[in-house]
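> If you scroll down you'll find the structure; I have some questions about it.
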Amino acid sequence: IYVFDKPILYSKLKEQFETREENDEMIIEGYFAVFNSNYEILPGMSESIAPGAFKNALAGDIRALINHDTTLVLGRTAAKTLEVSEDERGLWGRIRINPKDSDAVNLYERVKRGDVSQCSIGFDIVDEETEFFDNGDIHWTIKEINPLYEVSCCTFPAYESTNIDARTRQRDDILKRKNEAWRKTMKGRLKNGTQSIDD
């Protein structure tokens, strides 16, 4: 999925949700993102979310979904059935389950039993830092997210293929630019007679 040539990214988490009943309402709550936790996209490729990344992303109309399925809406900030906020730990969320929605009630029971305990978020990146390590590993630190489209309770919170493809292209572009910069430097040294290209 592309918006203005930028992919909607999906970060996965292994955080435990909690269920509880409050004033005869069924509630699912927990952290949809935890700051400074490394999430592996592929071997050698990882990302983390920096504190403050959601500061401008929470005013929009955000949905809570099941497995990123837009037909399975658990809650929505505009309807006040989903609350999201950022604290020192990460992005916290609270979903009020509709007792007349069998899909939502079924999910609630699965979370309650511990059968579903993971989550994922869908978002666009405004700002990020890229680190390239000597062993070839690459890490992205996401500094600002906007908008945040959705939060999902997931059976298997896997990265979407579009996310993997986008990150792989970014990695390849960085490698290409580093290689071109090295070649340019070596050619300049050869021209000046200061160093052989094999040094």
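The values are calculated or read from the model by the stated rules, or taken from the named source; none is laboratory data. Keep in mind it's a predicted model, so treat the numbers as computed, not measured. Protein only, heavy atoms only, side chains kept; ligands, DNA and RNA dropped before computing areas. Shrake-Rupley method; radii C 1.70, N 1.55, O 1.52, S 1.80 Å.
> Ignoring ligands and nucleic acids, what accessible area does K112 show with a 1.4 Å probe (Å², nearest 10)?
Probe radius 1.4 Å; accessible area of K112 about 120 Å².
> To continue, here is another question. Report the gain in length on full extension from Q170 to F133: 0.36 nm times residue separation, minus Cα-Cα distance, nm rounded to one decimal.
Contour length minus the Cα-Cα distance gives 11.9 nm.
> Roughly speaking, what is the stretch gain from K143 to I27, that is 0.36 nm per residue apart minus the C-alpha to C-alpha distance, in nm to one decimal?
38.8 nm
> Here's something else I'd like to know. Can you put R20, R183 in order of accessible area, largest first, using a 1.4 Å probe?
R183, R20
> Which order do E131, E18, E150 take when ranked by solvent-accessible area (1.4 Å probe, heavy atoms of all protein chains), largest first?
If we order E131, E18, E150 from most to least accessible, we get E18, E131, E150.
> Calculate, in nm to one decimal, what L42 and K80 gain on full extension: separation in residues at 0.36 nm each, minus their alpha carbon distance.
Contour length minus the Cα-Cα distance gives 10.1 nm.
> Skipping prolines and chain starts, which residues have an amide H placed within reach, meaning under 5 Å, of the one on I49, given they are 5 or more residues away or on another chain?
Amide H neighbours of I49: N36, S37, I142.
> Computed over the Cα atoms of segment 51-189, what is the ratio Rg over Rh, Rh following Kirkwood?
Radius of gyration over Kirkwood radius for segment 51-189 works out to 1.12.
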